[in-house]
Structure formats: structure tokens, C-alpha cells
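Here is the structure we will look at.
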Amino acid sequence: MIKGIGVDMIEISRVRNLIEQDMGFAERIFTDREIAYCESKFSKAQHYAARFTAKEAFFKALGTGFREGMGWQDVEVENDALGKPQLRLAAVALAHFKKRKLKRVLLSLSHTRDMAVALVVIE
């Protein structure tokens, strides 16, 4: 049973500008593994933007935003063995997820040259 749906999109140039102009932005928002992944890509900003939208979409689907002590790094985008993106929850987000007896998070990411979008479904 679906318990929440969240979608988010952002201009890739906006994320690129934040990373270039706001020292520490990437470290505040993304985990070390996410940074390593994005930095290994040719179009780094595309991958950062997709991960940013995934985190936003998750909090929308959960219906909490950043309340109750949840933060950006409590949600991490990783890829399975076939490259499919998935969310890994940690810390306060994981505790909140378990407390609400939620079962699964589904994630879809997409991007064009200019935009990144994420859809999160929580069961």
C-alpha cells in the first residue's frame, strides 16, 4: 500500500552554481559516498542535482520535511549492482521510517541537459 509520494525537480545550473560558489554546500547536503560518485562523473552537476531532488522528494513523500531532527545526510542515494538508484536511510530518517512502520522506498531519477527530477514512493 502506498503511504506517500514525492516528486521534485531542479535546474542543473542552480546546483552547479551552489557547488561552485557556496564552499561547503556539497559537504552539507551529500554524503562522502555521494560526493565520490558525483565527482567521478563527467557531468558532475547532473548527478548532484539528481541526488538533491531525490532527497527533497523523499522528505515530501514522508510528509515531514526536515522536522524532528532529520537532515540531508540522513538520506543517501546509492546504486545497486545494475546501476538502479535507491535510497539508503540512516540516523533520524531511518528511525522515523521504522517508527511509522513503513516498509519500502522506491526511487526513480531522470535528467536532461537542463533539469533533474526524482520521484519517490513510500510503501
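Take the conditions in a helix (DSSP H, G or I), surrounded by 13 or more Cβ atoms within 10 Å (Cβ to Cβ), in contact (Cβ under 8 Å) with a residue 60 or more places away in the chain and not small (Gly, Ala, Ser) and apply them to residue 15. Does it pass? Yes.
In region 53-73, the condition of being within 11 Å of the chain's Cα centre (by Cα), within 16 Å of residue 122 (Cα to Cα) and among the acidic types (Asp, Glu) is met by at least one residue. Residue 41 meets the conditions (1) part of a loop (DSSP other than H, G, I, E, B); (2) within 14 Å of residue 87 (Cα to Cα) in every case but one. The failed one is (2).
This table checks each residue for (1) on the phi > 0 side of the Ramachandran plot; (2) outside any strand (DSSP E or B); (3) in contact (Cβ under 8 Å) with a residue 60 or more places away in the chain; (4) of a type outside the set (Lys, Arg).
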position: 78; (1), (2), (3), (4): no, no, no, yes
position: 83; (1), (2), (3), (4): yes, yes, no, yes
position: 88; (1), (2), (3), (4): no, no, no, no
position: 92; (1), (2), (3), (4): no, yes, no, yes
position: 95; (1), (2), (3), (4): no, yes, no, yes
position: 101; (1), (2), (3), (4): yes, yes, no, no
position: 108; (1), (2), (3), (4): no, no, no, yes
position: 113; (1), (2), (3), (4): no, yes, yes, no
position: 118; (1), (2), (3), (4): no, no, yes, yes
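All of the numbers you see were taken from the coordinates with simple rules; none came from a lab. Please read all numbers here as calculations on a predicted model, not as lab measurements. We place every Cβ from the backbone using ideal geometry, glycine too, and count neighbours over all the protein chains shown.
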